[in-house]
Amino acid sequence: MNSRHHMPHIQSAPLRESSPSRRLAVIAMLASCGLILFVFESFLPLLPWFRPGLGNIATILALLYFGFGDAVKVTLLRVVLGALVLGRLFTPVFVFAIAGGLASVVVMGAARRYAPVFGPVGISVLGAIAHNVVQLAAAYLIFVKSDELLIFMPLFTIAGVVTGAATGLVSAVIWEKSDGRVVTVS
């Protein structure tokens, strides 16, 4: 028997121009990947308050591909679902994560819109610094209320630069490789 194998047709399309269902699917995949990275890094044997922010890669990509609103959705999904998975919903850790995550995405969204000179790495660094500063502010306002807590500000800022650069580089590589497009097989 002579049978022909059908080869799939491969095409790519800009994500911003994709159908609503494709857009939703990509946002869900980004949130899922961000959640997996968020949960994974919670098991890394690092200092309790120091995490690399790997889940933020998904937020940065959502911001680059779709814009601020969808980046907020990805952030909220990964932080809330991550807290549910880890049993930390409505704990102090959750308060820090949600406050830092929202501050980060707001700063990254503002940088993307109003300071186009920043690419993925710069956007990520700004977001990581905002995340760390807001977490420190939340610790001060809600839990510790001691000016001595501010001695950690330089350390948190340096950590934000380092971790933000790392996650920004990963995001930049993915963004540049995709050229803002998603590959589909039909």
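The values are calculated or read from the model by the stated rules, or taken from the named source; none is laboratory data. Just so we're clear, the structure is a prediction, and the values are computed from it rather than from any experiment. Glycine also receives a Cβ, built like all others from the backbone with ideal geometry; neighbour counts cover every protein chain displayed.
Restricting segment 77-92 to residues that are surrounded by fewer than 18 Cβ atoms within 10 Å (Cβ to Cβ) and β-branched (V, I, T), the residue that is farthest from I60 (Cα to Cα) is T91. Each residue in segment 1-36 was checked for being part of a loop (DSSP other than H, G, I, E, B), modelled with pLDDT under 65 and among the small types (G, A, S), and 1 pass. With respect to A128, determine if the residue is more than 17 Å from G55 (Cβ to Cβ) and either in a helix (DSSP H, G or I) or touching a residue at least 12 places away in the same chain (Cβ under 8 Å) (or both). Considered against the rule, which asks whether it is more than 17 Å from G55 (Cβ to Cβ) and either in a helix (DSSP H, G or I) or touching a residue at least 12 places away in the same chain (Cβ under 8 Å) (or both), A128 comes out as no.
Taking the conditions exactly as written (modelled with pLDDT under 90 and either touching a Phe, Trp or Tyr at 6+ places or on another chain (Cβ under 8 Å) or closer than 17 Å to A103 by Cβ (or both)), does G82 satisfy them or not? Here the answer is no, as G82 does not meet what is asked. Looking across V125, V144, V74, V106, one residue alone is on the phi < 0 side of the Ramachandran plot, of a type outside the set (G, A, S), surrounded by fewer than 22 Cβ atoms within 10 Å (Cβ to Cβ) and modelled with pLDDT of 90 or more. It is V106.
Within segment 107-123, the set of residues being assigned to a helix (DSSP H, G or I), farther than 15 Å from A58 by Cα and of a type in the set (A, V, I, L, M, F, W, C) comprises V107, A110, A111. The number of residues in segment 38-72 that are in a helix (DSSP H, G or I), touching a residue at least 24 places away in the same chain (Cβ under 8 Å) and either out of contact with any Ser or Thr (no Cβ under 7 Å at 6 or more places or on another chain) or not hydroxyl-bearing (S, T, Y) (or both) comes to 16.
Quick check on my filter: what residues within segment 109-119 are closer than 26 Å to S21 by Cα and either surrounded by fewer than 16 Cβ atoms within 10 Å (Cβ to Cβ) or free of Cβ contacts under 8 Å to residues at least 24 places away in the same chain (or both)? Walk me through it before giving the result.
From segment 109-119, those closer than 26 Å to S21 by Cα are 109, 112-113; that's our starting set.
Listed by number, the list holds a single entry, R113.
Being surrounded by fewer than 22 Cβ atoms within 10 Å (Cβ to Cβ), β-branched (V, I, T) and free of Cβ contacts under 8 Å to residues at least 40 places away in the same chain is the requirement here; does V95 meet it? It is false that V95 is surrounded by fewer than 22 Cβ atoms within 10 Å (Cβ to Cβ), β-branched (V, I, T) and free of Cβ contacts under 8 Å to residues at least 40 places away in the same chain.
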